[in-house]
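Worksheet for the structure shown next.
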Amino acid sequence: MKNIIGFILVDAPHSALNNAGTDVGARTDNTVAVKKIVKKGERGYETYPYVSAQALRYWWRDTLKERCSWKISPIERQSKIAFTAANPFKYDDDDIFGYMRAQGKKEGGTVTRISPLKCSPLISICPSVPVDDYGVMARQEGDPVPYEHQFYSTVLKGIFSLDIDRVGRFTLENRAGHLNITEHMKDEWEKAGAKEKDGVVELPEDIRLKRVKDCLRVLPYLFGGAKQTLHLTDVTPKFLVLGIIKGGNHPFMNIGKNDDGVPKIDFEALKEALHDYKDEFIGDIYIGKRKGFMDNMEDGLKNFVNKINGDSKFGHKIHNTTINEAVDMFVNQISL
């Protein structure tokens, strides 16, 4: 198993990127609340706004469609269930984002594909109590109609991984989670140039590599989010760390920290992760940061990079540059 792993920070200075629906206990009947979790911290119970992983994946898929001309699998509805075409040879997103489609025995039975692209929710690094914004609709005669919605100001952190070895490879093994496709799709895979060997159908290398690279290439162009009309927010990562690792571990998960209400990168935690997993990393580590975001970390970041690059025990190089350059450099060195 070989995984691309990434850690990202998203700036949400005046945002309501993912809503939870109506707030039943609010002052007005049509109050929209943001998604948030509450957990016990040093100062009692604290609120952390978040964006669901489902929302993040929706943004990602939409961006791939717009920027890379991906063929997106159509959604089919039957009664109370919905599913995609489950055709990863024709539709790029069925390969990367996975699927589950219940089919009759004549069609080969139910097929399932666990997504090679895994994401966490984007969660606020520091506690942040959302603001209740009160407004009225008053562009008509009669009493104005009151409404409320919530928004917040915070920095969100998240992680993702992409299993390179599984992209463009589909198993015919008839057991839970492993029946990605059936023999009924043989015409489809042959049309796409895929070959079958030992129960695994594999797309040509150029198609597989393009899908992997496209997933990373769009990171500086991610777009989406709720309430953008009133709370326009650029959801592209403002800080990211990218690497390739053997296995399924994600050593970058805990490098974002709350420093008495101020979001920071824990360089000691990152240093420890890099050294503990130095034999597992494949190639170099790429760090990107957008100017104007958390500029107080600039000196600490440069010192950290210089120390690691001067340490012969680590055995890899850290590239510290802009977001777009870091992504481009990382994408250019990816191989299958």
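At a glance:
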| quantity | calculated |
| --- | --- |
| Residue in the stretch 316-330 that is under 22 Å from S128 (Cβ atoms), in contact (Cβ under 8 Å) with a residue 12 or more places away in the chain and surrounded by fewer than 17 Cβ atoms within 10 Å (Cβ to Cβ) present | no |
| L17 vs. criteria more than 30 Å from K246 (Cβ to Cβ), in the same structural domain as I244 (by TED's automatic domain parsing) and in contact (Cβ under 8 Å) with a residue 40 or more places away in the chain | yes |
| Those residues of the stretch 160-183 which are aliphatic (A, V, I, L, M) and either in contact with a helix residue (DSSP H, G or I) (Cβ under 9 Å, 6 or more places away or on another chain) or in the same structural domain as D132 (by TED's automatic domain parsing) (or both), in sequence order | L162, I164, V167, L172, I181 |
| First in the stretch 217-236 and within 22 Å of Q333 (Cα to Cα) and among the aromatic types (F, W, Y), second anywhere and modelled with pLDDT of 95 or more and surrounded by fewer than 20 Cβ atoms within 10 Å (Cβ to Cβ), Cβ under 6 Å, 6 or more apart | Y221/R67 |
| Number of the condition not met by K106 [criteria: (1) assigned to a helix (DSSP H, G or I); (2) in contact (Cβ under 8 Å) with a residue 12 or more places away in the chain; (3) charged (D, E, K, R)] | (2) |
| Some residue of the stretch 113-126 being closer than 21 Å to R77 by Cβ, outside any loop (DSSP other than H, G, I, E, B) and touching a His at 6+ places or on another chain (Cβ under 8 Å) | no |
| Residue that is small (G, A, S), closer than 30 Å to E66 by Cα, free of Cβ contacts under 8 Å to residues at least 60 places away in the same chain and surrounded by fewer than 15 Cβ atoms within 10 Å (Cβ to Cβ), where the choices are G300, G292, G310 | G292 |
| Residues satisfying the stated conditions in the stretch 256-297, i.e. of a type in the set (D, E), over 15 Å from I308 (Cα atoms) and part of a helix (DSSP H, G or I) | D295 |
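Here's the yes/no breakdown for (1) of a type in the set (K, R); (2) more than 27 Å from L219 (Cα to Cα); (3) in contact with a Gly (Cβ under 6 Å, 6 or more places away or on another chain):
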{"position": "R101", "(1), (2), (3)": "yes, yes, no"}
{"position": "G104", "(1), (2), (3)": "no, yes, no"}
{"position": "L117", "(1), (2), (3)": "no, no, no"}
{"position": "Y147", "(1), (2), (3)": "no, yes, yes"}
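The values are calculated or read from the model by the stated rules, or taken from the named source; none is laboratory data. Computed from a predicted model, the values in this text were never measured in an experiment. Reconstructed Cβ throughout: ideal geometry from the backbone, glycine too, with neighbour counts over all protein chains shown.
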